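Chemist: The structure under discussion is supplied below as structure tokens; questions concerning it will follow.
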Amino acid sequence: QVQLVESGGGLVQPGGSLRLSCAASGSIFTMNDMGWYRQAPGKQRELVAHITSSRTTYYADFTKGRFTISRENAQNTVYLQMNSLKPEETAVYYCYAARNGDVYWGQGTQVTVSS
């Protein structure tokens with residue numbers, strides 16, 4: 001019933017920026033945790049960042065201060081600001097939201113950083 005809709009992906013030049021958005025609809029309850037994974041072709045899925053309802057954040061080491069995750073609790077919306085993008089960060093980026101053991105996933109949005 002909960003649906004996550006992502007937006008903001010696309011094509012950028014190396015060093016460019018994108019802001020991803022993900023809105024969870026269909027629930028009046030605040031999601032305890034929301035975040036982003038990414039998966040490049042032929043590679044393992046990896047966690048990029050996540051954020052709790054109290055705005056405690058985690059960032060993967062590879063973000064190196066270039067990425068910022070944020071959220072709007074009332075709307076169960078999570079954002080990922082990505083700056084100084086690198087070609088190796090070309091991947092499908094997946095949003096997730098979790099509450100009380102239930103995990104919901106977005107459809108994924110393609111991010112392409114040209115070489």
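Chemist: What residue among Pro14, Pro41, Pro87 has the largest mean-square fluctuation in a Gaussian network model of the chain, using Cα springs under 10 Å?
Modeler: Pro41
Chemist: With a 10 Å cut-off between alpha carbons and a GNM built on the chain, which of Asn32, Asn83, Asn100 moves the most?
Modeler: Top of the fluctuation ranking is Asn100.
Chemist: Right, something else. Express the relative contact order of the chain as a whole percentage, based on alpha carbon pairs under 8 Å and six or more residues apart in sequence.
Modeler: Relative contact order of the chain: 37 percent.
Chemist: Here's another thing I want to ask about it. Calculate what fraction, in whole %, of the accessible area of the chain sits on carbon and sulfur atoms when a 1.4 Å probe is rolled over the protein chains.
Modeler: Roughly 48 percent, rounded to a whole number.
Chemist: Tell me, what is the per residue accessible area of the stretch 37-115 in Å², probe radius 1.4 Å?
Modeler: With all protein chains present, the stretch 37-115 gives 53 Å² per residue.
Chemist: Distance between Cα centroids, the stretch 1-59 to the stretch 87-115: provide it in whole Å.
Modeler: 5
The values are calculated or read from the model by the stated rules, or taken from the named source; none is laboratory data. Given the structure is predicted, the values throughout are model-derived calculations rather than measurements. The area values use the complete protein model at the heavy-atom level, side chains included, leaving out ligands, DNA and RNA. Shrake-Rupley method; radii C 1.70, N 1.55, O 1.52, S 1.80 Å.
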